[in-house]
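Asker: Questions regarding the structure given below will be posed in turn.
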Amino acid sequence: MTTTTRGWARSPLLHYVLRRTGQALLVVLLVTVVVFLLLQALPGGPARGVLGQTATPEQIAAFNAANGFDDPLPQQYLAFLDRLLHGDLGTSYVMNMPVADAIGERLPKTLLLTVLSLVVAVAVALPLGVRQAARRNSAFDYSTTTLAVVLYSTPSFFLGLLLVIVFSQWLGVLPALAPQGQTVAEVLAEPKALVLPVLTGSLVAVATFSRYARSSTIDNLAEDYVRTARAKGTSERAVLRRHVVRNSLTPVIAMLGYQVPVVFGGALVVEQLFNYPGMGLLFWSSAQASDFPVLLGCVLVIAVATVAGSLLADLTQAAVDPRTRGGLR
């Protein structure tokens, strides 16, 4: 082993990355076990869903034998895992197409909605939280804190309904229907119709990010380097811009990873509310049609997104703050 390799092997950060990645893979593996067991528990089993309610016992037995559904459960799980690794999530009962294709058509639009919501949330929440901290205990701080608590406590579907009532029905400035394009480019071609879905998805995240930004900024304002900068005659605005904001980003960066699956999952509700043609609308339509393979495929994707977001948050925070690496230095 070379000196460089030995140095990497001894790296605390590398150890932490490997440990957290292994934990994330274990969680994903457990999720696949749960999804597999749910597939086995479907009413009538997979054969009944594919062949229909009029299938005879002989037809069901032949289908199970041809697809390995009469094998022992551990063997079935290994085959299921192998199909997942090759991108095979099964076949939709209703649409008569691979579940992976159905999700693949909708997932980019859901990711677009998620990314836009997070970008808007961070762009609004970071300066808002810093301003709250700079004017701590003022009327502005109290009012915005109260508003953040209200937004955080309001369900997404109710918040979306309020926005529709205000901006679509009362003011008539924004459409209540989301873009209906089949591709991301077609969706982006209707920016006005994207405003309400993005706003609904971002407001709760704004409340979360602004609270963390405020708390972190207050802590940094009490640090010695801030007092030193003030003693040198640096203006308060320059102190905030040059020193405090940068050091206040650590908790916001960490929360960004944790909020990815939250906003992604919340997009399922937002899409149903605004008829946005993403994975959330696919999930709800499949639930109404009892299309269980699509439902479980969506659950698997959401679970993987949750694990990936948590892993991303931990690794990012560990990179910028060594104190979060479980005692490693």
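The values are calculated or read from the model by the stated rules, or taken from the named source; none is laboratory data. The model shown is predicted, which means the values in this text are computed figures rather than measured ones. Heads up, the Cβs are rebuilt from the backbone with ideal geometry, glycines too, and the neighbour counts pull from every protein chain shown. Side chains are part of the model used for accessible areas, which takes the heavy atoms of the whole protein and leaves out ligands, DNA and RNA. Shrake-Rupley method; radii C 1.70, N 1.55, O 1.52, S 1.80 Å.
Asker: Report the net charge of residues surrounding VAL99, where surrounding means a beta-carbon distance below 13 angstrom and charges are Lys +1, Arg +1, Asp -1, Glu -1.
Answerer: Taking every other residue near VAL99 into account, the sum is -2.
Asker: HIS86 to THR154: FRET efficiency via 1/(1 + (r/R0)^6), r the Cβ-Cβ distance, R0 35 Å, to the nearest 0.05?
Answerer: According to the calculation, E is roughly 0.25.
Asker: Please compute the alpha carbon radius of gyration of region 219-329, then divide it by the globular-protein estimate 2.2 N^0.38 Å. Two decimals is fine.
Answerer: 1.62
Asker: How much length is gained on full extension from GLN75 to TRP170, taking 0.36 nm per residue of separation minus their Cα-Cα distance?
Answerer: Working it through step by step, the gained length comes to 28.3 nm.
Asker: Something else now. Name the residue from LEU203, TYR225, ALA213 whose Cα lies farthest towards the positive end of the charge dipole of region 189-329, charges +1 on Cβ of Lys and Arg and -1 on Cβ of Asp and Glu.
Answerer: Farthest towards the positive end: TYR225.
Asker: Continuing with the same structure: So how do ASP71, ASP141, ASP82, ASP314 rank on accessible area, 1.4 Å probe, biggest first, that is with the largest at the start?
Answerer: I get ASP82, ASP71, ASP314, ASP141, largest accessible area first.
Asker: Choose one answer from LEU51, LEU282, LEU296: the residue with the largest mean-square fluctuation in a GNM of the chain with alpha-carbon springs under 10 Å.
Answerer: Taking springs between Cα atoms under 10 Å, the residue moving most is LEU51.
Asker: In region 61-129, carbon and sulfur make up what percent of the accessible area (probe 1.4 Å)?
Answerer: Roughly 66 percent of what the probe reaches on region 61-129 is carbon or sulfur.
Asker: Could you tell me how many degrees, from 0 to 90 and to the nearest 10, lie between the Cα long axis of helix 99-134 and the main elongation axis, the longest principal axis, of the Cα atoms of the chain?
Answerer: 20
Asker: Counting Lys +1, Arg +1, Asp -1, Glu -1, what net charge surrounds PRO57 among other residues with beta carbon under 15 Å of its beta carbon?
Answerer: Net of charged neighbours comes to -1.
Asker: Can you give me the relative contact order of region 8-155 as a percent, contacts being Cα pairs under 8 Å and 6 or more apart?
Answerer: Across region 8-155, relative contact order equals 9 percent.
Asker: Which whole-number value in Å² is the accessible area per residue of the chain, probe 1.4 Å?
Answerer: Normalised by residue count, the accessible surface of the chain is 53 Å².
Asker: For the full complex of protein chains and a 1.4 angstrom probe, list ILE218, ILE103 by accessible area with the highest value first.
Answerer: Listed by decreasing accessible area, they come as ILE218, ILE103.
Asker: Carbon and sulfur atoms: what percent of the 1.4 Å accessible area of region 212-329 do they account for?
Answerer: 58
Asker: Counting helices only, and only those DSSP H runs with n ≥ 4, report the 222 nm mean residue ellipticity of the chain as the sum of -39,500 (n - 2.57) divided by its residues, in deg cm²/dmol to the nearest 500.
Answerer: My calculation for the chain gives -24000 deg cm²/dmol from helical runs alone.
Asker: Can you give the angle from 0 to 90° between the axis of helix 279-288 and the longest principal axis of the chain, with both taken from C-alpha atoms, to the nearest 10?
Answerer: Taking Cα atoms only, the helix is inclined about 40 degrees.
Asker: Now, a different point. In whole percent, what relative contact order does the chain give with Cα contacts below 8 Å and a gap of six or more residues?
Answerer: Reported as a whole number, the value is 26 percent.
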